[in-house]
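Since every read-out is calculated from the coordinates, none of them should be taken as a lab result. Keep in mind that what you see is a predicted model, and the values were worked out from it rather than measured. Ideal geometry is used to build each Cβ from the backbone, glycine not excepted, and the neighbour counts take in all protein chains shown.
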Amino acid sequence: MKHPENDAQFKGLKVNDGVKQPDIVSPYLKNFRRARRKLTPGDYVDGILKGNVTILSQAVTLVESLRPEHQVIAQEVIEKCLPYSGNSVRVGISGVPGAGKSTSIDVFGIHELNKGGKLAVLAIDPSSERSHGSILGDKTRMEHLAQHPKAFIRPSPSAGSLGGVARKTRETIILCEAAGFNKIFVETVGVGQSETACHSMVDFFLLIQLAGTGDELQGIKRGIMEMADGIVINKCDGSNVDKAKMAATNFRNALHFFPLPDSGWAPKVLTYSGFYGLGIKEIWDMIDQYIAFVKENGYFEYRRNEQAKYWMYETINEHLKNSFYQDEHIISMLENAEKGVQSGKVTSFVAAQKLLDEYFNSMKV
Ligand code: GDP
């Protein structure tokens with residue numbers, strides 16, 4: 001290439017030609033890439049069952065993919081892994097941003113790994129679609145776990161609706177369990193819907209709370225408290241100890257007014273400090289006690305079966321909704337229907353009925 005800078009009029013300036021790059025640095029890399037793309041569902045399953053984390057990650061990427069051809073492979077892999085799944089304790093961990101989830105999960109995870117086994121940390125982040133990236137389940141937030149050879153950390157899938165994101169997390173649990181991960185944490189952020197989704201895929205739902213100004217109970221919805229199998233007040237350290245203990249008492253008092261959950265287990269309230277590693281053993285003793293209790297009275301199996309049913313209906317609902325809203329004919333009618341409803345010319349019910357009739361009638365032909 002001729003460089004104009006080398007013209008005689010520019011003194012003291014010389015630009016050399018660049019070095020031409022070879023097409024590919026290693027001739028083997030090409031084969032390697034091709035081989036990687038060609039993994040069959042059977043290869044994924046073999047790799048997963050052998051505990052190969054690279055293949056597990058690739059399979060999770062397929063599960064998260066929106067491409068129909070990826071979904072076909074993913075579903076086959078999930079189905080083949082299903083008989084090897086279920087052998088774990090799944091704990092949901094929720095709390096508002098700043099409650100100390102990542103600090104706590106790092107400490108909880110190491111505590112659990114010291115007992116043996118393998119841990120997968122997954123996440124459901126309802127905001128990941130908008131932000132195109134998830135802060136939940138981020139490795140940089142869990143520095144000890146991130147370096148642990150027996151830990152697998154995967155951020156929240158970022159595509160689709162909350163229901164879609166949560167379903168992918170649930171499917172990822174199956175793959176992780178088939179890969180021998182016998183402890184699963186599902187992290188979620190404390191905003192209603194995502195907690196319900198998280199609750200519907202775990203055996204124990206742990207709610208992290210902070211001591212506030214005394215009115216902490218007002219900000220927390222009754223439904224969320226009802227979901228919790230255990231409530232833990234974080235940052236019980238330094239000058240915050242009394243406030244944290246007071247908050248725990250308030251929560252305990254509030255829980256007295258709730259009926260005993262179906263599990264027969266009365267939720268406990270504990271204080272701890274994730275940052276200083278205080279009270280961690282007590283929290284996990286509580287979870288172990290709960291698991292032993294519900295395995296004994298049959299609720300463990302019952303809850304998992306109910307969850308399987310829940311996810312079947314969730315999947316049907318999701319598909320029906322997508323099919324309706326992605327229908328070209330419906331899309332073309334929606335705008336007018338909206339206008340009609342807003343101007344008061346037609347009632348919401350009649351407009352909805354008309355669209356639904358159109359949709360279902362078009363199914364019949
Ligand atoms: P997350 O948003 O829920 O994941 O919360 P983080 O784990 O990122 O914690 C939020 C902030 O609280 C950070 O500055 C932590 O250092 C701090 N923090 C977390 N746990 C504790 C604790 O046990 N005690 C104290 N004093 N601070 C903590």
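Report the Cα-based extents of region 223-353 along its three principal axes, largest first, to the nearest Å.
The principal-axis extents, from largest down, are 61, 39, 30 Å.
How many nm separate the modelled label positions at V346 and S161, each set 7 Å beyond the Cα in the direction of the Cβ?
2.2
List every residue whose amide H lies under 5 Å from the amide H of E187, counting only residues 5 or more places away in sequence or on a different chain, with H placed 1.01 Å from N in the peptide plane.
Correct list: I93, L122, A123, I124.
Which entries in the list K118/K235; K235/K281; K321/K364 go over 21 Å, if you measure between the two C-alpha atoms of each? Spell out each step's value before the answer.
Details: K118/K235 27 Å; K235/K281 15 Å; K321/K364 18 Å.
Among K118/K235; K235/K281; K321/K364, the Cα-Cα distance tops 21 Å for K118/K235.
Give me the extension gain from H144 to F293: residue separation times 0.36 nm, minus the current Cα-Cα distance, reported in nm with one decimal.
On the way: separation 149, 0.36 × 149 = 53.64 nm, distance 3.09 nm.
Between H144 and F293, full extension yields an extra 50.5 nm.
Using a Förster radius of 25 Å, what is the FRET efficiency between L49 and Q75 based on their Cβ-Cβ separation? Nearest 0.05, please. Please list the in-between numbers first.
Details: r = 17 Å, r/R0 = 0.69.
E(calc), rounded to 0.05, equals 0.90.
If each of V19 and N6 carries a label point 7 Å out from its Cα toward its Cβ, how far apart are those two points in nm?
1.8
What does the charge add up to near Y290, with Lys and Arg as +1, Asp and Glu as -1, over the other residues with Cβ less than 11 Å from its Cβ?
Numbers: positive: K268, K295; negative: D203, D229, D285, D288, E296.
Once all neighbours under 11 Å are counted, the net charge is -3.
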